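Chemist: Structure provided below as structure tokens; questions to follow.
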Amino acid sequence: VAEVQQLRVQEAVDAKVKNVERENIRKMQGLMFRCSAGCCEDNQASMQQVHQCIEHCHAPLAQAQALVTSELEKFQDRLARCTMHCNDKARDTMCAGSMELQVKWQLDSCMAKCVDDHMHLIPTMTKKMKESLSSIGK
């Protein structure tokens, strides 16, 4: 049951990340490459100036990728904390002498609630990512 729940969240997050990549990151990649190519067109620039120009072109994309990674890590951390809480509750119930089947059912329902709660957070996380991404490089 836990694997199915985990897959549900993973597929939902993957779909949103692909959407962010397609709608936001790809445009930034195009800008970065065109900007970098422009740096190389300047025949008067020194090697160091060209390098600095390219670094400057790459900065917004690096910032965007770091932002997406950070948001995904925060989401994963929250989900992990929720599942750890479920495991702790199950362990406590087991120690109190409850039946194994009852503990398994409790654990499964707790995990399902974690997943449901976090599925509802995905659109908000995606919206926050897109808003932050749109402000980068402006």
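Chemist: Which residue, of Lys113, Lys104, Lys89, Lys74, is charged (D, E, K, R), within 28 Å of Lys27 (Cβ to Cβ) and out of contact with any Ser or Thr (no Cβ under 6 Å at 6 or more places or on another chain)?
Modeler: Lys74 is the lone residue from the list that is charged (D, E, K, R), within 28 Å of Lys27 (Cβ to Cβ) and out of contact with any Ser or Thr (no Cβ under 6 Å at 6 or more places or on another chain).
Chemist: Report yes if some residue within the range 64-71 is surrounded by 11 or more Cβ atoms within 10 Å (Cβ to Cβ), within 15 Å of Met129 (Cα to Cα) and polar (S, T, N, Q); otherwise report no.
Modeler: Yes - at least one qualifying residue is present in the range 64-71.
Chemist: Within the range 22-34, which residues are more than 11 Å from Lys130 (Cβ to Cβ) and open to solvent by 60 Å² or more (accessible area, probe 1.4 Å)?
Modeler: Selection gives Arg22, Arg26, Lys27, Leu31, Phe33, Arg34.
Chemist: Same structure, new question: Given the range 1-95, what helices (runs of 4 or more DSSP H) lie entirely inside it while holding 3 or more residues that are in contact (Cβ under 8 Å) with a residue 60 or more places away in the chain?
Modeler: Of the helices (runs of 4 or more DSSP H) lying wholly inside the range 1-95, those with at least 3 residues that are in contact (Cβ under 8 Å) with a residue 60 or more places away in the chain span 2-20, 47-95.
Chemist: Within the range 64-83, work out how many residues are of a type in the set (Val, Ile, Thr) and in contact with a helix residue (DSSP H, G or I) (Cβ under 8 Å, 6 or more places away or on another chain).
Modeler: Residues in the range 64-83 being of a type in the set (Val, Ile, Thr) and in contact with a helix residue (DSSP H, G or I) (Cβ under 8 Å, 6 or more places away or on another chain): 2 in total.
Chemist: Can you work out which of the residues in the range 88-102 that are open to solvent by 60 Å² or more (accessible area, probe 1.4 Å) and in contact with a helix residue (DSSP H, G or I) (Cβ under 9 Å, 6 or more places away or on another chain) is modelled with the lowest pLDDT?
Modeler: If we take residues in the range 88-102 being open to solvent by 60 Å² or more (accessible area, probe 1.4 Å) and in contact with a helix residue (DSSP H, G or I) (Cβ under 9 Å, 6 or more places away or on another chain), then Met94 is modelled with the lowest pLDDT.
Chemist: Sticking with this one: Of all residues being farther than 30 Å from Asp14 by Cβ and out of contact with any helix residue (DSSP H, G or I) (no Cβ under 7 Å at 6 or more places or on another chain) in the range 46-63, which is most open to solvent (accessible area, probe 1.4 Å)? Just the residue, please.
Modeler: Met47
Chemist: Can you give me the number of residues within the range 18-43 that are farther than 20 Å from Glu55 by Cβ and of a type in the set (S, T, N, Q)?
Modeler: 2
Chemist: Please go through the range 83-138 and give me each residue that is within 26 Å of the chain's Cα centre (by Cα), under 22 Å from Leu7 (Cα atoms) and of a type in the set (S, T, N, Q), ordered by number.
Modeler: Residues satisfying the conditions are Thr83, Asn87, Ser109, Thr124, Thr126.
The values are calculated or read from the model by the stated rules, or taken from the named source; none is laboratory data. Predicted model only: the values in this text are computed from it and were never measured. Cβ atoms come from the backbone with ideal geometry, glycine included; neighbour counts cover every protein chain shown. With ligands, DNA and RNA removed, areas are computed over all heavy atoms of the protein, side chains included. Shrake-Rupley method; radii C 1.70, N 1.55, O 1.52, S 1.80 Å.
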